[in-house]
Amino acid sequence: MRRFRILTGLVLVAFCLFSCNKPGGETPGGKTPDIEKGEHLADVTYQVNVYSFADSDGDGWGDLKGVAQHLDYFESLGVSALWLSPVQDAMSYHGYNVKDYSAINPKLGTEADFKDLISKAKAKGIGIYMDYVLNHSGSENAWFQSACSDPSSPYRDYYVLSENPSADVAAGKIDNYGGSKTPGMGQWYPASGGNLGYNGFLHFKLDVSNASQPKLTVTQSSGPAQGSNSDSSVKWFIYENNPFRMYKTGGNVYEITLFVNNTWGVLVKDDPDEWGNHKWGAKSGDQVVEFGKAKTLVKGDAANDLTFGGTNLQYFASFDRSMPDLNYGPYATASESAAFKDLAASADKWIKMGVAGLRLDAVIWIYQNQTAANVAFLKQWYERCNTTWKANGGQGDFYMVGEAWCDNAEAMAPYYQGLPSNFNFYYWYTLKDRINKAKGNDFAKTVLYFRNLFQAQRPGFIDAIKLTNHDEDRAAEDLGKSLEKEKLAAAVLLTSPGKPYIYQGEELGYWGNKGGGDEYVRAPIKWTKDGPVPTAALDGKVDNAMLSAGISVEAQSADAASLLNVYRNFSQARNSYKALARGEMQEVSSSNNSVALWTMSCEGQTVLVAHNFGAGVVSVNVPGGGLSSDGILVSNGVVTANDTSLTLGAYASAVFAQ
């Protein structure tokens, strides 16, 4: 068989990121693999929603032990790293409003469980990446509670706080805006002690001994918040954007502790749904609550909101009132800020524990979509973490990938000045567009354009390619729930240059969109045909029709033609051939609009990659020839080859040894 000849005049624009020298032995087709069992050339990462991945104890929540129990599954996918959804103690199921950066969320397990996962994964050659939220904390974070409630708090500088935001913005005093006078998004909210609302834990005690003049006493509390009482015989409620039924603690006394976080205050109600004479509040002109002092309530039209007096202190949040932005001061010296130092100390803890990388959330909003400011911050953050990594015996440089979700690749590219890796959202936008248009002949050209763009910013960049993630409609949804298109997308992802990411459930063909809530794109893994799935964290927002027996890991593992096995087969090939895993990409011209052709080469080894983006059988002539069906390393669909002639069935893919 003749060696495939590279077309003259084409320029190599990608490059090897790692050493290509690996030992190997013969495989059944006479080809030479590059790895021993257990090694990972492919650099595939799997994104895990810990809360919905696997439940080890039957409480309905996915947990860290559940992840550890399925390391063989990751091994079958050829995975070398796991990106875990936030596992630190947080306010919500998804974990992006962190309460304590140095503690594990008890819903997910213990610190010992986390250490155990790191250790067991490492034994299989799998690293653990933590999701880190640097743009904001949760509003229940002790730092924020102290900053809002105590004017002399050491945490006042940790957040973006102002008693006169408009004046401070106009004067350029808001460092968080990165030099701009207008934020990219977000708004100001009253902080604890604000002139209307409140942000913090409060305890409510209602005495209805005199039913026509009930008295409410409010005191500040350290929590925790209580859920609404389930006893329907109790008719008294505190209304704070939702009615919370109180708990009877005496003959005519009702109490509850809540986390109050709104801009208007609270009311008392004696019916969860009705208003009118069922609403109780303060007399006009007497609305401000004095903590620890009983206030007599009036009802109906005379009842006004109960508010909480104090200063006009406000805080800024880019995303949601429960996610106050962190403040790192002037971006050029961000690493000198107290907030940076405390966040870095928490990262040090996890890196020293064995965490192999960080995924950074929402990095373009740390300094309000101001690229230069964000890049300066990220340089300082990466250098600090990389220093800790190396001091702790880490080999090479620490891995860090940013979610720099910009309008286009050109806007994202400068973020490579700050970080070694960034998610390439534009890779998926291009791929789904070309698959849905049955146009493959310019796909490689576009990928090479992205790679040239990023290389200009950072030689040695790591292109984090992916289909979708936890914030996007599912890939299967975007591809019309076509199994053939989903298999093609998997094959293209795992034969492209870069560091591929597989999102939980993508390998099983999960569909879903965010229309009914983010939960519908964060579905639990269906491990067996008939077994339960962890849905507690998702509050029942699960498409049970999708989670059928046929989509399960059990069913797809037994089906050689399943989507899961397409992922496994192409990942195994990527792990077995250095050219496919780490090679330089070169476009090969295609005589058919639906066919994408390129080569991948690394230190003398070359493979030819071919994909049919269309629904019909196509034949193309491949310059250089030397093709043979016996030379196929991995394929999906019907593929035949004879010298220069290559025929691909609908949405078929193949990789040829050269």
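The values are calculated or read from the model by the stated rules, or taken from the named source; none is laboratory data. Everything numeric here is computed off the predicted structure, so don't read it as measured data. Cβ coordinates were reconstructed from backbone atoms using ideal geometry, including for glycine residues, and neighbour counts include every protein chain displayed.
Taking the range 168-181 as the search range and keeping residues that are in contact (Cβ under 8 Å) with a residue 40 or more places away in the chain and not in a loop (DSSP other than H, G, I, E, B), which one is surrounded by the fewest Cβ atoms within 10 Å (Cβ to Cβ)? Give the derivation first.
Step one: filter the range 168-181 for residues in contact (Cβ under 8 Å) with a residue 40 or more places away in the chain, giving 174-180.
If we keep only those that are not in a loop (DSSP other than H, G, I, E, B) as well, we get 175-177.
Working: D175: 19, N176: 25, Y177: 22.
Here the answer is D175.
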Checklist entry - How many residues does the range 182-225 contain that are crowded, with 19+ Cβ neighbours inside 10 Å and hydroxyl-bearing (S, T, Y)? => result 3
Item to check | the range 449-469 - residue that is β-branched (V, I, T) and out of contact with any Gly (no Cβ under 7 Å at 6 or more places or on another chain) and, of those, surrounded by the most Cβ atoms within 10 Å (Cβ to Cβ) | outcome: T468
Next on the checklist: For the range 149-167, give me each residue that is touching a residue at least 60 places away in the same chain (Cβ under 8 Å), more than 14 Å from P324 (Cα to Cα) and not in a loop (DSSP other than H, G, I, E, B).
Outcome noted: S149, P165
Next on the checklist: Tell me whether the range 533-542 contains one or more residues that are surrounded by fewer than 23 Cβ atoms within 10 Å (Cβ to Cβ) and more than 26 Å from the chain's Cα centre (by Cα).
Outcome noted: no
Item to check | Search result, residues across the range 56-93 that are touching a helix residue (DSSP H, G or I) at 6+ places or on another chain (Cβ under 6 Å) and aromatic (F, W, Y) | outcome: W61, Y93
Item to check | Pick from the range 303-332, criterion out of contact with any Gly (no Cβ under 8 Å at 6 or more places or on another chain) and aliphatic (A, V, I, L, M), ranking: nearest to D207 (Cα to Cα) | outcome: L326
Next on the checklist: So in the range 245-286, with the set limited to residues that are hydroxyl-bearing (S, T, Y) and under 28 Å from Q314 (Cβ atoms), which one is surrounded by the fewest Cβ atoms within 10 Å (Cβ to Cβ)?
Outcome noted: S284
Checklist entry - Across the range 35-71, what is the number of residues that are at pLDDT below 90 and either touching a Leu at 6+ places or on another chain (Cβ under 6 Å) or at positive phi (or both)? => result 2
Checklist entry - Going by the structure shown, is S619 of a type outside the set (A, V, I, L, M, F, W, C), at pLDDT 95 or above, under 20 Å from R434 (Cβ atoms) and surrounded by 24 or more Cβ atoms within 10 Å (Cβ to Cβ)? => result no
Item to check | Residue tally, condition of a type in the set (V, I, T) and surrounded by fewer than 21 Cβ atoms within 10 Å (Cβ to Cβ), over the range 119-143 | outcome: 0
Checklist entry - In the range 67-114, which strands (runs of 3 or more DSSP E) lie fully inside it and hold 1 or more residues that are surrounded by fewer than 18 Cβ atoms within 10 Å (Cβ to Cβ) and in the same structural domain as K466 (by TED's automatic domain parsing)? => result 98-104
Checklist outcome for this item: Over the range 616-642, the set of residues free of Cβ contacts under 8 Å to residues at least 24 places away in the same chain, part of a strand (DSSP E or B) and more than 20 Å from E484 (Cβ to Cβ) is A641, N642
Item to check | Failed item, numbered, when L488 is tested on (1) touching a Phe, Trp or Tyr at 6+ places or on another chain (Cβ under 9 Å); (2) in contact (Cβ under 8 Å) with a residue 24 or more places away in the chain; (3) more than 23 Å from N569 (Cβ to Cβ) | outcome: (3)
Checklist entry - Which condition breaks for V375 when tested against (1) part of a helix (DSSP H, G or I); (2) touching a strand residue (DSSP E or B) at 6+ places or on another chain (Cβ under 8 Å)? => result (2)
Checklist entry - Would you pick out the residues in the range 466-492 that are aliphatic (A, V, I, L, M) and more than 18 Å from G614 (Cβ to Cβ)? => result L467, A475, A476
Item to check | Filter result for L608 (farther than 22 Å from T446 by Cα and surrounded by 24 or more Cβ atoms within 10 Å (Cβ to Cβ)) | outcome: no
Checklist entry - Among A545, A555, which is the only one that is farther than 27 Å from F450 by Cβ and either in contact with a helix residue (DSSP H, G or I) (Cβ under 8 Å, 6 or more places away or on another chain) or among the hydroxyl-bearing types (S, T, Y) (or both)? => result A555
Next on the checklist: Of all residues being touching a residue at least 60 places away in the same chain (Cβ under 8 Å) and within 44 Å of the chain's Cα centre (by Cα) in the range 287-304, which is surrounded by the most Cβ atoms within 10 Å (Cβ to Cβ)? Just the residue, please.
Outcome noted: V289
Item to check | Filtered residues of the range 544-561 (kept if free of Cβ contacts under 8 Å to residues at least 40 places away in the same chain and not polar (S, T, N, Q)) | outcome: A545, M546, L547, A549, G550, E554, A555, A558, D559, A560, A561
Checklist entry - Can you pull out the residues in the range 623-651 that are at pLDDT 95 or above, crowded, with 21+ Cβ neighbours inside 10 Å and over 37 Å from the mean Cα position of the chain (by Cα)? => result A641, L646
Checklist entry - Going by the conditions given, is N408 of a type outside the set (K, R), in the same structural domain as P497 (by TED's automatic domain parsing) and free of Cβ contacts under 8 Å to residues at least 24 places away in the same chain? => result yes
Checklist entry - Which one of N565, N569, N592, N513 is without any contact (Cβ under 8 Å) to a residue 12 or more places away in the chain and of a type outside the set (A, V, I, L, M, F, W, C)? => result N565
